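Below is one structure, written out as structure tokens; the observations come after it.
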Amino acid sequence: MLFQYSKDGVFKTFGLDRISDLDITHKKFEYPNDFNPEEKFQYSFGIITDGTKPVKTKLWLSHVQADHIKSIQLHHSQKIVSENEKECVIELFMSPTYDLL
């Protein structure tokens with residue numbers, strides 16, 4: 001959910017599943033014409049976009065973990081770097097924000 005925080009005028013994102021108290025108003029939200037969600041979230045794991053530069057991140061996984069991660073894909077940049085009978089190494093190009101860590 002995109003929301004303009006009135007105190008500082010900055011657009012922020014909030015997960016709908018985290019809302020615990022909601023007041024319905026008749027205020028209209030004007031979607032900014034220059035907002036591009038694909039660009040804003042291209043290096044994000046979730047909804048956190050704090051300006052952290054994306055980096056290559058490698059994850060070493062067991063085969064049980066790898067089978068799951070290969071089937072759900074954590075991020076569009078995900079690629080398998082190496083795989084053998086003991087482990088699978090995947091690489092992601094993402095911002096290392098709190099939600100990824």
> Can you spot a residue in the stretch 25-39 that is at pLDDT below 85 and surrounded by 14 or more Cβ atoms within 10 Å (Cβ to Cβ)?
Replying inline: no
> Failed condition for residue 56, given (1) at pLDDT 90 or above; (2) surrounded by 15 or more Cβ atoms within 10 Å (Cβ to Cβ), with all others met?
Replying inline: (2)
>> Let me spell it out: the conditions are (1) surrounded by 15 or more Cβ atoms within 10 Å (Cβ to Cβ); (2) farther than 30 Å from residue 11 by Cα, and residue 83 meets all of them except one. Which number is the exception?
In response: (1)
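Conditions tested, residue by residue: (1) touching a Lys or Arg at 6+ places or on another chain (Cβ under 8 Å); (2) of a type in the set (S, T, N, Q); (3) over 19 Å from residue 10 (Cβ atoms).
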position	(1), (2), (3)
35	no, no, no
40	no, no, no
44	no, yes, no
57	no, yes, yes
78	no, yes, yes
87	no, no, yes
90	yes, no, yes
101	no, no, yes
> How many residues does the stretch 57-80 hold that are within 15 Å of the chain's Cα centre (by Cα) and either among the aliphatic types (A, V, I, L, M) or within 19 Å of residue 40 (Cα to Cα) (or both)?
Replying inline: 6
> Which one of 30, 38, 83 is charged (D, E, K, R), over 18 Å from residue 100 (Cβ atoms) and under 13 Å from the mean Cα position of the chain (by Cα)?
Replying inline: 38
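The values are calculated or read from the model by the stated rules, or taken from the named source; none is laboratory data. Bear in mind the structure is a predicted one, so any value in this text is a computation, not a measurement. Counting neighbours? That spans all protein chains shown, and the Cβs are built from the backbone with ideal geometry, glycine included.
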